[in-house]
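Read-outs: derived from the displayed coordinates by stated rules, not from any lab. All values reported here derive from a predicted model rather than from experimental measurement. With ideal geometry, Cβ positions are generated from the backbone for all residues, glycine too; neighbour counts draw on all protein chains shown.
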Amino acid sequence: MSQATSAVHAHTDASHSHHDFARANQAHFDEHADKLEEEHPYARNFGVLSVNAMRDTFPALFDKEHTEVLDYACGTGMFSQALRPYVKSIVGADISQASVDVYNKQAADQGFASQMRAVRAELKGEPGELGGAKFDLITCSAAYHHFADIGTVTRALAFFLKPGGALLVTDIKAAPDGAMLVPETYHHVVPHRHGMTEERMRTTFEGAGLVEFALKDMQAVKFQPDAPEIMWFVARGVKPAEGV
């Protein structure tokens, strides 16, 4: 993709001021939370793929005895459940109350309520949110393409990192030819329909004050038998240690 094409997509994908994507996503996932796995049978396995990609690429970030995690846009908890064996604790946060309810019910049913819990929240990065908690690791899997303003979200998430803590994001990588990657069915809840480039993610993370940016291709995923393969990435940014 040329720089000019990339810039156009960066503008057109994110410039939807007439449409409230946050409210659209809230309504969509409130409606679909209890049947998400039925409608998207690949979703649970994708959670496992995302966790494996994060662990394989950045293994030092995962410590079962110490790592406290915020899983943002946690949905019904499929990613959190895959992550749970490798960290000390997980707080999930999501805009959809129905998704949070499913998350907490499944955690309780599986006996993991003491290790993972979710709250309904649209975080702003302000003092007092989440009881003032800060985290060693913040994860966001398959959700950035749903956020109209990824810069604002990234700055908010950086606020909740401990010094030296890391943000890990998995999401759709823009195709070299600039192709539309998200089916029209989901355009009402997805502003970033062409995925995101490495340059855009780097600029976003660095704009939030994160350092040590790295982005690695995750793998190509085919969500439907007749759908094209889409490349996904895992990106990392680190909050500078105090005094740096």
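A few points about this structure:
- Residue in region 162-171 that is out of contact with any Lys or Arg (no Cβ under 9 Å at 6 or more places or on another chain), assigned to a helix (DSSP H, G or I) and more than 17 Å from Leu61 (Cα to Cα) present: no
- Of all residues in region 42-61, those that are of a type outside the set (Val, Ile, Thr) and either more than 19 Å from Gly164 (Cβ to Cβ) or touching a helix residue (DSSP H, G or I) at 6+ places or on another chain (Cβ under 6 Å) (or both) total 11.
- Here Ala220 meets each of (1) without any contact (Cβ under 8 Å) to a residue 24 or more places away in the chain; (2) among the small types (Gly, Ala, Ser); (3) not in a strand (DSSP E or B) with one exception, condition (3).
- Residue match in region 137-146 (condition: in contact with a Phe, Trp or Tyr (Cβ under 9 Å, 6 or more places away or on another chain), under 27 Å from Gly209 (Cβ atoms), free of Cβ contacts under 8 Å to residues at least 40 places away in the same chain and not polar (S, T, N, Q)): no
- Selection of region 125-149 for residues being assigned to a helix (DSSP H, G or I) and either among the hydrophobic types (A, V, I, L, M, F, W, C) or buried (at least 20 other Cβ atoms within 10 Å of the Cβ) (or both) yields Leu130, Tyr144, His145, His146.
- Test: residue in region 83-97 that is basic (Lys, Arg) and in contact (Cβ under 8 Å) with a residue 24 or more places away in the chain: yes
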